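Below you'll find the structure, written out as structure tokens, and then a few comments.
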């Protein structure tokens with residue numbers, strides 16, 4: 001059975017800050033600002049941010065890329081003893097990837113009322129019929145995550161008005 | 001609104017045969033035999049089979065790889081007017097990727113009672129709360145798909161007994 005890593009409040013804050021930094025990177029590239037990091041033995045082994053538009057890949061969400069990078073870092077499709085930090089509630093695809101990769105713990109920021117697969121629309125990470133369950137902590141630095149997203153969309157609207 | 005492509009019975013049979021061929025390729029490489037193709041304007045634009053073990057990637061399911069290849073072929077994350085053919089019911093992750101890529105039609109073979117996200121555990125492709133719905137046809141050449149999977153696992157058990 002995979003261990004669920006435990007962290008101090010300070011560590012949780014630090015790792016989410018790194019995910020927020022990834023989200024800001026995405027925003028600076030014109031992508032919806034969502035970022036993620038994966039932690040193993042208290043070290044960040046994968047960082048990623050959304051780049052669906054740049055790559056024109058429907059799968060290029062922060063969590064999915066971070067999972068693939070962590071698979072490469074650990075040379076294993078099983079991400080036992082890891083934790084994923086992501087600024088927005090994972091969508092259905094990313095929740096499924098978290099399950100498929102056996103990630104034992106997920107920390108996320110803002111809720112995604114329209115597409116969230118972890119809490120809002122589905123609680124996929126807690127489904128007892130599946131062969132893997134995930135410890136989830138929601139609402140970690142959610143205000144900052146929301147603010148970055150709101151600012152991004154406000155900037156887009158402002159630019160549209162100028163044109 | 002994306003068009004849902006329509007096919008004759010013969011075309012459906014042909015495209016699923018191509019997906020079954022991909023599944024057999026996976027099996028010959030020691031991977032769980034699942035295959036997929038994506039069709040656009042009556043042509044196969046992407047083929048893929050499961051290679052989770054070879055790549056040690058939790059995300060390397062046939063459907064997800066096929067979606068990424070189709071994104072590259074069409075130079076777009078939106079797979080409008082396409083259809084995906086896959087030998088096994090998509091899992092949660094792949095159902096989410098199908099939604100994220102706006103694939104309008106999915107044909108699949110065997111049901112996946114333990115992990116299926118399209119019919120068995122969830123009906124994710126028909127969720128009216130999401131911004132995309134998918135026309136699904138289940139049970140296409142399901143017996144052949146099941147037989148390939150059963151033979152694969154029977155071979156593994158036989159090899160284990162020899163050792």
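Couple of notes before you dig in:
- Filtered residues of region A:125-134 (kept if more than 8 Å from every other protein chain (Cβ to nearest Cβ), assigned to a loop (DSSP other than H, G, I, E, B) and either in contact with a strand residue (DSSP E or B) (Cβ under 6 Å, 6 or more places away or on another chain) or farther than 26 Å from residue A:9 by Cβ (or both)): A:128, A:132, A:134
- Of all residues in region A:89-100, none satisfies the criterion of being assigned to a loop (DSSP other than H, G, I, E, B) and closer than 13 Å to residue B:59 by Cα.
- Any hit, region A:101-124, residues being in a helix (DSSP H, G or I), touching a strand residue (DSSP E or B) at 6+ places or on another chain (Cβ under 7 Å) and either free of Cβ contacts under 8 Å to residues at least 12 places away in the same chain or closer than 27 Å to residue A:5 by Cβ (or both): no
- Of the residues making up region A:77-93, none is within 10 Å of chain B (Cβ to nearest Cβ) and without any contact (Cβ under 8 Å) to a residue 12 or more places away in the chain.
One line per residue, one yes/no per condition, for (1) more than 12 Å from the chain's Cα centre (by Cα); (2) more than 8 Å from every other protein chain (Cβ to nearest Cβ); (3) surrounded by fewer than 20 Cβ atoms within 10 Å (Cβ to Cβ):
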residue	(1), (2), (3)
B:42	yes, yes, yes
B:66	no, yes, no
B:75	yes, no, yes
B:98	no, yes, no
B:108	no, yes, no
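Residue by residue, here is whether (1) over 26 Å from residue B:133 (Cβ atoms); (2) assigned to a helix (DSSP H, G or I) holds:
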residue: B:16; (1), (2): no, yes
residue: B:23; (1), (2): yes, yes
residue: B:44; (1), (2): no, no
residue: B:58; (1), (2): yes, no
residue: B:69; (1), (2): no, yes
residue: B:79; (1), (2): no, no
residue: B:87; (1), (2): no, no
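- Positions within region B:16-35 being within 14 Å of chain A (Cβ to nearest Cβ) and under 11 Å from the mean Cα position of the chain (by Cα), in sequence order: B:34
- Taken together, the residues in region B:80-102 that are out of contact with any helix residue (DSSP H, G or I) (no Cβ under 7 Å at 6 or more places or on another chain) and closer than 11 Å to residue A:95 by Cα amount to 0.
None of the figures in this text is laboratory data; all of them are computed from the coordinates on show. Bear in mind that the values here come from a model prediction, so they are computed numbers and not experimental data. All Cβ positions, even for glycine, are placed from backbone atoms using ideal geometry, and neighbour counts span all protein chains on display.
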